[in-house]
Amino acid sequence: MNKSWVGITLVACFLQGCGSGSAPEPDVATNMVVSSSSFASGQAIPEKYSAYGENVSPALSWSGAPSGTKSFVLLLEDPDAPSKTPFVHWLVYNIPGGTTSIGEGQSPAGGVVGKNSANMVAYYGPKPPGGMHHYHFIVYAVDTVLVLESGAEKDAVVKAMAGHALGRGELVGTYSH
């Protein structure tokens, strides 16, 4: 391999987080729309949905899943957290492919809840240590049902999705306390 390809590979690896101990999320087209009746895109998430409030998950809905979608993965993370990788607040995988919404305070029917960064298998609402943080609700459309045990962590879910993600959508809300 010549030096220019090595350099390009190293830059690509750096940009995707190789060697950081965290698997890079699938690089797929953002072709889905994720929304919430609980807060508007780019706006503040009400305290009710935070760990300072009632710690209930907001209502979410999505549309535009590509054909061939067999399941969905829902990931809520805070990239502003003071850590090397984004803080995972909620992870649910194997949400049935026909699902298009989740009610407030509910886990998706048929979905499997994964482990968050607080080491809980549950929703853990925003709880920034200070300042304004951005919370990314990401929904991935997947062409299979992931073969994982209950309570899997983000890295295992991302690795299982490799080569199977068909599309994604994202809703970002903010929270400060």
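The values are calculated or read from the model by the stated rules, or taken from the named source; none is laboratory data. Quick caveat, the model's predicted, so the values are computed rather than measured. Here Cβ is always computed from backbone atoms with ideal geometry, including for glycine, and neighbour counts include all displayed protein chains.
Taken as a whole, segment 109-128 holds no residue that is in contact with a strand residue (DSSP E or B) (Cβ under 6 Å, 6 or more places away or on another chain), closer than 21 Å to Lys159 by Cα and of a type in the set (Phe, Trp, Tyr).
Taking segment 51-64 as the range and being surrounded by 20 or more Cβ atoms within 10 Å (Cβ to Cβ) and either in a loop (DSSP other than H, G, I, E, B) or acidic (Asp, Glu) (or both) as the test, the residues that pass are Ser57, Pro58.
Would you mention how many residues in segment 70-93 are more than 13 Å from the chain's Cα centre (by Cα) and either among the charged types (D, E, K, R) or at pLDDT 95 or above (or both)? So the answer is 4.
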